[in-house]
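Below you'll find the structure, written out as structure tokens, and then a few comments.
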Amino acid sequence: MTTNQENNKTECVGESQETPTQQNSEQATKKRKMRNATAYITKVAVLSAVATVLYFFARFPIFSVPPFNVLDMDFSDIPALIGGFALGPVASVIIAFIRCAIKLTTSTTAFVGELSAFVVSISFTLPATIIYKYKKNIKGALIGLGVGILSNAIISALSNYFIMVPMYAALYSPALMEVRVQFAFMYGLAFNLIKTVVASVITFILYKRLSKILHL
């Protein structure tokens with residue numbers, strides 16, 4: 001009886017033990033995941049920094065007529081779009097969020113401008129990068145960018161009309177409500193179309209050159 005029990009214990013112990021090959025494979029998998037996570041965080045951080053610099057320093061008004069001269073052209077959606085194509089849609093949202101969160105520290109619009117910038121940004125980059133995630137070729141990129149431009153135009157116009165202009169008018173200038181239609185569906189719409197088309201063209205030109213560096 002004792003011999004049989006010892007044999008059974010030995011067999012059980014032997015079955016529970018992993019082979020050196022399995023252990024090495026698991027360790028290699030863990031190391032690879034850690035490297036990928038570190039690379040992901042690093043690349044998102046770098047792209048967020050670039051987006052923030054562009055958001056702060058590379059901006060200029062498109063229209064000279066008040067109050068539409070507050071619509072500043074900038075190129076900070078380009079790093080978010082490139083990051084989303086290379087690292088996935090979530091990366092584009094994180095980059096846009098970090099950029100706007102940093103801008104909050106110097107906000108002069110009681111956070112209305114930063115909130116608007118975030119909503120408008122993800123309405124463009126998120127649809128584009130989601131489509132590209134499932135169709136990673138030139139056609140998928142073009143379709144994604146086209147859908148992103150259309151999505152941005154619709155959401156930005158509705159957002160300006162129903163949320164952003166009323167909020168800004170309540171805080172700073174009630175007279176802004178008198179030009180709400182023009183702000184949302186004329187000047188604001190034209191501004192966002194120009195901005196997203198320019199960002200799409202530049203991203204399309206740059207992405208091929210940067211994709212090898214950015215892909216995990």
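Computed from the coordinates by the stated procedures, all read-outs in this text should not be read as laboratory data. As the structure is a prediction and not an experimental result, all values here were calculated from the model. Positions of Cβ are backbone-derived with ideal geometry, glycine not excepted, and every protein chain shown enters the neighbour counts.
If you fit an axis through the alpha-carbon atoms of helix 138-159 and take the longest principal axis of the Cα set of the chain, what angle between them do you get, 0 to 90°, nearest 10?
It is inclined by approximately 50 degrees.
Identify all lysines with a Cα-Cα distance to LYS212 below 25 Å; exclude those on the same chain that are fewer than 8 residues away in sequence.
LYS30, LYS31, LYS33, LYS43, LYS133, LYS135, LYS136, LYS139
Using alpha carbons only, how many degrees (0 to 90, rounded to 10) separate the axis of helix 188-214 from the longest principal axis of the chain?
Between helix and principal axis, roughly 30 degrees.
Counting Lys and Arg as +1 and Asp and Glu as -1, what is the net charge of the other residues whose Cβ lies under 15 Å from the Cβ of THR105?
Combined, the nearby Lys, Arg, Asp and Glu give +1.
Can you list the HN-Hα couplings for region 59-76, worked out from phi with the Karplus curve (6.51, -1.76, 1.60; θ = phi - 60°), rounded to whole Hz and with x for Gly and Pro?
Working through the residues one at a time gives 9, 7, x, 8, 10, 9, 8, x, x, 7, 6, 7, 7, 8, 6, 8, 10, 6 Hz.
So if the hydrodynamic radius of region 44-95 is defined as the Kirkwood radius over C-alpha pairs, what does Stokes-Einstein give as its diffusion coefficient at 25 °C and 0.890 mPa s, in µm² per second?
211
Pick out, in residue order, every one of the chymotrypsin sites (Phe, Trp or Tyr not before Pro) in region 88-186 that is DSSP loop and has at most 16 other C-beta atoms within 10 Å; say none if there are none.
Those satisfying the criteria are PHE111, TYR172.
So what are the ³J(HN,Hα) numbers for region 80-88, from phi and the Karplus equation (6.51, -1.76, 1.60; θ = phi - 60°), rounded to whole Hz, Gly and Pro as x?
These are the phi-based 3J(HN,Hα) values: 5, 5, 5, x, x, 5, 7, 10, x Hz.
If you split all Cα-Cα distances of region 21-214 into 5 Å bins from zero, what percentages do you get per bin, shortest first?
1, 8, 15, 19, 18, 14, 9, 6, 4, 2, 1, 1, 1, 0, 0
Based on DSSP loop calls and a cut-off of at most 15 other Cβ atoms within 10 Å, the longest stretch of the chain free of exposed trypsin sites (Lys or Arg not before Pro) is what?
1-134
I want to verify the translational diffusion coefficient of region 120-216 in µm²/s; compute it with Stokes-Einstein, Rh as the Kirkwood radius over Cα pairs, at 20 °C and 1.002 mPa s. The partial results should precede the final answer.
Details: Rh = 14.6 Å.
In µm²/s, the coefficient rounds to 147.
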